[in-house]
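Structure first, commentary second.
The values are calculated or read from the model by the stated rules, or taken from the named source; none is laboratory data. All figures in this text were calculated on a predicted structure; none of them were measured in a lab. Neighbour counts run over all protein chains shown; Cβ positions are idealised from the backbone, glycine included.
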Amino acid sequence: ENILVKQKDNVGLITFNRPKALNALCEALMIELTSALDDYEANEQIGCIVLTGSENAFAAGADVKEMQPKSFMDVYKRNFITEGWERLVKCRKPVIAAVSGYALGGGCELVEMCDIVLAAENAVFGHPEIRVGTMPGAGGTQRLPRLLGMAKALDLLLTGRRMDVREAERSGLVSRVVPTDLLLEEGRKLVADIASLPGEVLTLIKHNARSSANLTLNEGLRKERDAFHYTLSLPDREEGMRAFLEKRPPRFNSLSILKDR
Ligand code: CAA
């Protein structure tokens, strides 16, 4: 009801679809998002997942109408803003955000969880939670300082001001900026390329880069070395290097994700 789900070749597309509420992230939407991510992750044909919204809004935050009547005990007992939100972080396949329009509050937090952020020129980012009397609850005070540095993160978090796409790119939140009318086309090219690459290695790269935040440099380097050594056992690695030496395009076939690594 709140998202559209469409598989195209090796790519799983998830489109937020609550246009009247600027894709505000109500609980029902987050449950649907969880289920879509479960399906795409289990689907061995899918190599890459795209999260997007409409032209004027990626998502304008958690649903304030839904949240307004809730009490402390309501949210505490149900561990509000956990289900769905944490599912995205646990996703093992690459997740690309294709952002157009508003990505505010919880919408910006979803962007902060994605692996590559492709943004249209009209994209606007920010954490206005303070202006409705609350604060980020899905990682904004934790991921944003790590992504942008403390000075820029606190400037945004403490004022609730909005940041345009150029500032977001300069600050390190956005990977690439594209003209607004080309967002989906550029997104399609990017994800088709990623989805054609060896799935097991994509998962290893994502997992190693993501875990770097919680490891010392030496621990991370050791872990990376083990993972690199492991790739030497993969048929796709053999094919990739053989194809390079034979001066032909590689024919990769592994899109399966590694379980429990
Ligand atoms: N929750 C619920 N409804 C929302 C919403 C939200 N976060 N954002 C927009 N909407 C709704 C509006 O209520 C409005 O609905 P009605 O027509 O029924 O009144 C509709 O979407 C269109 O919004 P506006 O009329 O406000 O559109 P605008 O173009 O004038 O302004 C906007 C756009 C600047 C994004 C403005 O809507 C806005 O400031 N939205 C709220 C942003 C916000 O505070 N987000 C943080 C939420 S808290 C959070 O996210 C906590 C967390 O970390 C998990």
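At a glance:
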| quantity | calculated |
| --- | --- |
| Failed condition for N2, given (1) in contact with a strand residue (DSSP E or B) (Cβ under 9 Å, 6 or more places away or on another chain); (2) away from the ligand (no atom under 16 Å from the Cβ); (3) more than 26 Å from E121 (Cβ to Cβ) | (2) |
| Count of residues meeting criterion [in a helix (DSSP H, G or I) and in contact (Cβ under 8 Å) with a residue 12 or more places away in the chain] in the stretch 16-37 | 12 |
| Failed item, numbered, when I116 is tested on (1) closer than 21 Å to E169 by Cβ; (2) within 15 Å of the ligand (Cβ to nearest atom) | (2) |
| C108 being within 24 Å of L33 (Cβ to Cβ), away from the ligand (no atom under 13 Å from the Cβ) and touching a strand residue (DSSP E or B) at 6+ places or on another chain (Cβ under 8 Å) | no |
| Considering residues of the stretch 183-193 that are in contact (Cβ under 8 Å) with a residue 60 or more places away in the chain and surrounded by fewer than 20 Cβ atoms within 10 Å (Cβ to Cβ) only, the residue nearest to G240 (Cα to Cα) | A192 |
| Boolean, E66 is without any contact (Cβ under 8 Å) to a residue 40 or more places away in the chain and closer than 24 Å to G137 by Cβ | no |
| Residue ranges of helices (runs of 4 or more DSSP H) in the stretch 196-247 with at least 3 members of a type in the set (G, A, S) | 199-211 |
| Yes/no for Y40 being within 10 Å of the ligand (Cβ to nearest atom), touching a residue at least 12 places away in the same chain (Cβ under 8 Å) and hydroxyl-bearing (S, T, Y) | no |
| Selected residue (criterion: farthest from L190 (Cα to Cα)) from residues of the stretch 53-108 that are of a type outside the set (A, V, I, L, M) and part of a strand (DSSP E or B) | Y102 |
| Residue within the stretch 66-87 that is near the ligand (Cβ under 8 Å from one of its atoms), modelled with pLDDT of 95 or more and not basic (K, R) present | yes |
| In the stretch 122-178, residue surrounded by the most Cβ atoms within 10 Å (Cβ to Cβ) [restricted to those that are within 8 Å of the ligand (Cβ to nearest atom) and assigned to a helix (DSSP H, G or I)] | E129 |
| Condition check for N23: on the phi > 0 side of the Ramachandran plot and more than 9 Å from the ligand (Cβ to nearest atom) | no |
| So G137, is it in contact (Cβ under 8 Å) with a residue 40 or more places away in the chain, over 30 Å from Q45 (Cα atoms) and over 16 Å from the mean Cα position of the chain (by Cα) | yes |
| Verdict on I49 being more than 13 Å from the ligand (Cβ to nearest atom) and crowded, with 20+ Cβ neighbours inside 10 Å | yes |
| Some residue of the stretch 111-118 being closer than 22 Å to D164 by Cα and assigned to a loop (DSSP other than H, G, I, E, B) | yes |
